[in-house]
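> Can you read through this structure? Questions will come right after.
The values are calculated or read from the model by the stated rules, or taken from the named source; none is laboratory data. Here the structure is a predicted model, which means the values were calculated and not measured. Glycine also receives a Cβ, built like all others from the backbone with ideal geometry; neighbour counts cover every protein chain displayed. Accessible surface areas use protein heavy atoms only, side chains included; no ligands, DNA or RNA. Shrake-Rupley method; radii C 1.70, N 1.55, O 1.52, S 1.80 Å.
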Amino acid sequence: MDAKALPDRGASPSALADAGAPLEAVAPSAKPWWASSGFASEEEARAQWVDAVKAQERFLSALPADVKASLRKAAPDFTPLGILDPSATGPEAVKGDFNCDGAVDYALPGLSSQSELARGLTSEPNPSGPRLETLSNELRRFRYDDAAEVRVGLSSPSGLKWQSFPGSQPSNRGPLPADRTLGCTEVTPKDVDVNWAQKHHCDVLYIGCCEKDGRFLLWDQRSRRLHNVGGC
């Protein structure tokens, strides 16, 4: 073969292909985990985790001792987490008068104390490497993708009575409006005792999760429990 017919070793891949030379598949460079998770660097991911640990510490220290003791007795394997809502500032415990008796009730999101996220937030203030990756992914999962658990403590003469609902982001939406409209839902007497709820200024509890539709919960004096009155 004439030497001039041989492809040049410095030729571009397309020139080599045109010359009939086989091309080896080039694997795309794998992104580091922190880049795939939207961080500019591993240091930025670590800074987010350190901030989350500090926020969790502030959240727990601000909870009244009697509330923590009551929750611990009712659900000993549950850890309230104040950092599951990515839009929260503070964070602060969600409070309100959800059963309309004039006393303060609580809505606390959290997870099993044995979960990766709960254990990490209470005992790993500055992880690195694979452990930081695992905990960062768990934090993102419960903020954006998967529901955790919301424990609602309703006041009673004998102390808080706790109920469990799926979700990660509770909020107090205030008393039931005069037109009974919550979002795109109208509360009807079939749902709850509307007149009683409005007369006693029952606060509406909203529980959402993960950028998905949530639901409104309102006290029904007839059955003496929180009712799901829809959501959108």
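> Consider the range 158-211. How many of its residues are charged (D, E, K, R), assigned to a loop (DSSP other than H, G, I, E, B) and in contact (Cβ under 8 Å) with a residue 60 or more places away in the chain?
Final tally of qualifying residues: 1.
> Moving on. All but one of (1) within 30 Å of ARG143 (Cβ to Cβ); (2) hydrophobic (A, V, I, L, M, F, W, C); (3) at pLDDT below 85 hold for TRP33; which doesn't?
(3)
> Mind checking whether some residue in the range 77-92 is surrounded by fewer than 17 Cβ atoms within 10 Å (Cβ to Cβ), at pLDDT below 95, of a type in the set (D, E, K, R) and assigned to a loop (DSSP other than H, G, I, E, B)?
Yes, the range 77-92 contains a residue that is surrounded by fewer than 17 Cβ atoms within 10 Å (Cβ to Cβ), at pLDDT below 95, of a type in the set (D, E, K, R) and assigned to a loop (DSSP other than H, G, I, E, B).
> Next question. What are the residues in the range 121-140 that are in contact with a Phe, Trp or Tyr (Cβ under 9 Å, 6 or more places away or on another chain), acidic (Asp, Glu) and closer than 22 Å to ASP85 by Cβ, if any?
Within the range 121-140, GLU124 is the sole residue that qualifies.
> Criterion first (modelled with pLDDT of 50 or more, over 30 Å from TRP162 (Cβ atoms), in contact with an Asp or Glu (Cβ under 9 Å, 6 or more places away or on another chain) and open to solvent by less than 60 Å² (accessible area, probe 1.4 Å)) does ALA45 satisfy it?
When the stated conditions are applied, ALA45 passes them.
Residue by residue, here is whether (1) modelled with pLDDT under 95; (2) loosely packed, with under 12 Cβ neighbours inside 10 Å; (3) in a helix (DSSP H, G or I) holds:
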residue	(1), (2), (3)
SER61	no, yes, yes
LEU71	no, no, yes
TYR106	no, no, no
LEU111	no, no, no
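> Across the range 162-195, what is the number of residues that are open to solvent by 20 Å² or more (accessible area, probe 1.4 Å), in contact with a Leu (Cβ under 9 Å, 6 or more places away or on another chain) and more than 23 Å from CYS209 (Cβ to Cβ)?
0
> Out of the residues in the range 210-227 that are among the charged types (D, E, K, R) and crowded, with 17+ Cβ neighbours inside 10 Å, state the one that is nearest to ASP146 (Cα to Cα).
The residue in question is ARG215.
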